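The values are calculated or read from the model by the stated rules, or taken from the named source; none is laboratory data. Values in this document were obtained by computation on a predicted structure and should not be read as measured data. Every residue, glycine as well, gets a Cβ built from its backbone with ideal geometry; the counts of neighbours run over all protein chains shown.
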Amino acid sequence: MSHHHVMASMNGLGFCYAACPGIFLGRQECGPLNIVWDTNILIDYQQHGLTLWDDEEVNVPHGKYRNDVVALGGLIDAWSMRDISFHIFPRTIDDAKKRLTESRRIERERAIAQIVQALCLESGRRWAEGGDFRSWYQGDRAGIPREIPGQLSLFSDEVTTSAETVLDQLPEGADRELVHQAVSNRFHVFLTRDAGVLRVQPELARFGLLTLSPAALIEKFDEYRISAFGGGLRDHPGCPYQFGSLTNDLQRMSHLIQALDAHRPAP
């Protein structure tokens, strides 16, 4: 890919897009599932990732937030085996740092950096200690494409609202910039718990971006029987996954767990 941002992906068993129209919104190719993380997802993972990896009970009250945290663990499980890419833009990282409390700010900033670095271990991008992510990131200046491959027949002339008008419905700041980048890069899912972003989902879907909470995305997985071990595929000529096999990258998983464990709260 030509865009520059933090990415985690493995060339494992991917997806036949036509087999999951509710996720890939009319695309017809086969390939990875590209998921962009909003700031709140990155912070959730920093706070609860170690508990999810340890397969322990999440220490949050029952309710919607707890469901999303548990669902994030399910997405990580699928990521560990399938060709799923987590995309974390520098604007997300910067926004996460701004939301930190003053206490232990330096340590928590370093924790975020290490977690993101671990997520992109195999992508070939390495952060120098104390490096500035802006040194390797160049924002997308091409604007928002109006057409997504495979979607013209799905939406035809129904697309009457410009992407800019849709973006204007989002809160100003990081969320608007991140959604802009996700649509511009033609990624599949914007993962967020932000109600203001989720409210605009029907309009964003017209431009090829599915905006969901972790729990809602897991529901989509269940609908298409997608798990770490299968699903999201169909039998068709030329499918690159016809004889595909699952791959578990233990080095990548170990690096990610170590990044979390290094900042385990003291008892």
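Summary table
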{"item": "First in region 231-243 and touching a residue at least 24 places away in the same chain (Cβ under 8 Å) and within 25 Å of Glu219 (Cβ to Cβ), second anywhere and among the charged types (D, E, K, R) and assigned to a loop (DSSP other than H, G, I, E, B), Cβ under 8 Å, 6 or more apart", "result": "Gly232/Arg225"}
{"item": "Residues of region 43-89 classified as touching a residue at least 12 places away in the same chain (Cβ under 8 Å) and under 30 Å from Gly31 (Cα atoms), total", "result": "32"}
{"item": "Residue tally, condition outside any strand (DSSP E or B) and touching a helix residue (DSSP H, G or I) at 6+ places or on another chain (Cβ under 7 Å), over region 79-88", "result": "1"}
{"item": "Subset tally (residues that are assigned to a helix (DSSP H, G or I) and surrounded by fewer than 20 Cβ atoms within 10 Å (Cβ to Cβ)) for region 196-211", "result": "6"}
{"item": "Positions within region 46-76 being of a type in the set (Phe, Trp, Tyr) and either assigned to a loop (DSSP other than H, G, I, E, B) or touching a strand residue (DSSP E or B) at 6+ places or on another chain (Cβ under 8 Å) (or both), in sequence order", "result": "none"}
{"item": "Contacts under 6 angstrom Cβ, first residue in region 24-35 being within 14 Å of Ile226 (Cα to Cα) and among the charged types (D, E, K, R), partner in a loop (DSSP other than H, G, I, E, B) and at pLDDT 90 or above, 6 or more apart", "result": "none"}
{"item": "Hits in region 75-131 (condition: closer than 15 Å to Pro32 by Cβ, of a type in the set (A, V, I, L, M, F, W, C) and modelled with pLDDT of 75 or more)", "result": "Leu75, Ala78, Trp79, Met81, Ile84, Phe86"}
{"item": "Test: residue in region 53-64 that is surrounded by 18 or more Cβ atoms within 10 Å (Cβ to Cβ), modelled with pLDDT of 70 or more and of a type in the set (Asp, Glu)", "result": "no"}
{"item": "Considering residues of region 181-195 that are of a type in the set (A, V, I, L, M, F, W, C) and not in a strand (DSSP E or B) only, the residue surrounded by the most Cβ atoms within 10 Å (Cβ to Cβ)", "result": "Ala182"}
{"item": "Matching residues, region 29-45, being part of a strand (DSSP E or B) and under 25 Å from Cys239 (Cβ atoms)", "result": "Cys30, Gly31, Leu33, Asn34, Ile35"}
